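The values are calculated or read from the model by the stated rules, or taken from the named source; none is laboratory data. Just so it is clear, the structure is predicted and the values come from calculations on it, not from any experiment. Note that we place each Cβ from the backbone using ideal geometry, even for glycine, and neighbour counts take in every protein chain shown.
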Amino acid sequence: MARPRKPLLSRDRIVAAASALVDSEGLDAVSTRRLAAVLGVSGPSLYNHFRNKEEILDAVADAVSVQVDLSMFEESDPRDWRAALHDWALSYRAALAAHPHIVPVLARGPGRRPAGLRVADAVFGAMVGAGWPAAQATRIGALMRYFITGSALGSFAGGFVDDETAYDPADYPHLGQAHLLADHRRQVDEGAFETGLRALLDGLAIQYEQYARAGGDDVAAVRPAPNRP
C-alpha cells in the first residue's frame with residue numbers, strides 16, 4: 001500500500017508555520033532550519049519560496065495586515081472620516097493584539113508588503129476624499145500607525161507586578177493601588193487606548209474645521225463637520 005504523500009511545500013504553508021512560531025515563541029524562534037524541521041522538509045527547499053528569514057517575517061506581518069477591516073473606507077460606506085478612523089483603529093489594534101510578537105516588524109512600515117500597502121492606500125485615499133490636504137492626510141496615516149502599533153508593543157497594566165509590597169508608599173506615595181493593575185490588564189489597556197483614540201480624533205476634528213473655514217486651494221470638497229463615534 002502506497003504511503004500518503006506529504007503536502008506540497010508552499011508559501012502559505014511556510015507562512016502558517018512561521019506565524020505559529022512567532023505567536024508562541026517570538027521573532028527569534030524563526031529560522032530557516034527551524035521552519036524546515038517543523039515542515040518536515042530540507043532547509044534549501046524554503047529558498048524556492050523565500051530568499052531569507054526577513055522575507056518570511058514580512059509575509060507573516062502581511063498575513064496580520066490582511067485581518068484588518070478596511071470596509072469603512074469604501075466609497076459606499078456611510079461613515080464619515082472620523083468614524084472610519086475610529087473603527088479602523090479598533091480593528092487594527094485587535095489584529096495586533098492577537099499577534100503581539102510580530103508588531104515590531106509591522107511598526108517598520110509596509111515596505112513592499114501588499115496587504116500593508118492596501119491599508120496605507122485605503123487610509124490616505126479616504127482622508128483625501130474627505131477633504132484633507134494630501135500632506136496632512138499623509139501625517140494622519142503616520143500618526144495613526146504610531147499610536148496603534150505603539151499601544152500594541154506593550155501593556156501598561158502588565159508593567160506592574162501584583163505584589164503590593166513592591167510599591168512602598170514612602171517611595172511611591174501615589175502607587176498604592178498599582179499592584180492591582182495587572183489583574184485588570186485588559187480593562188485598563190483597552191480603556192487607555194479608547195481614551196487616547198478619542199482625544200486624538202478630537203484634535204483632528206478641530207484641525208478639520210479650521211481647514212474647512214480657511215477654504216482655499218488646499219482643501220477640496222470638505223464635508224460637513226463629522227459625527228463623533
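Here are some notes:
- Residue within segment 162-173 that is of a type in the set (Phe, Trp, Tyr), surrounded by fewer than 16 Cβ atoms within 10 Å (Cβ to Cβ) and free of Cβ contacts under 8 Å to residues at least 60 places away in the same chain present: yes
- Being over 23 Å from the mean Cα position of the chain (by Cα) and either of a type in the set (Ser, Thr, Tyr) or more than 15 Å from TRP88 (Cα to Cα) (or both) is a property that does not hold for ASP189.
- When we screen PHE73, PHE50 for residues that are crowded, with 17+ Cβ neighbours inside 10 Å, over 25 Å from ILE206 (Cα atoms) and either touching a Lys or Arg at 6+ places or on another chain (Cβ under 7 Å) or not acidic (Asp, Glu) (or both), the only hit is PHE50.
- Residue in segment 141-153 that is farther than 27 Å from ALA18 by Cβ, in contact with a Phe, Trp or Tyr (Cβ under 6 Å, 6 or more places away or on another chain) and either without any contact (Cβ under 8 Å) to a residue 60 or more places away in the chain or crowded, with 16+ Cβ neighbours inside 10 Å (or both) present: yes
- Residue within segment 39-57 that is under 30 Å from ARG186 (Cα atoms) and β-branched (Val, Ile, Thr) present: no
- Residue match in segment 139-157 (condition: modelled with pLDDT of 95 or more and more than 27 Å from PHE73 (Cα to Cα)): no
- Single condition LEU9 does not satisfy, out of (1) under 30 Å from GLU194 (Cβ atoms); (2) crowded, with 17+ Cβ neighbours inside 10 Å: (1)
- Filtered residue count, segment 91-114, keeping only those that are surrounded by 18 or more Cβ atoms within 10 Å (Cβ to Cβ) and hydrophobic (A, V, I, L, M, F, W, C): 6
- Matching residues, segment 49-85, being under 23 Å from VAL105 (Cα atoms), assigned to a helix (DSSP H, G or I) and in contact (Cβ under 8 Å) with a residue 24 or more places away in the chain: ILE56, LEU57, ASP58, ALA59, VAL60, ALA61, ASP62, ALA63, VAL64, SER65, LEU85
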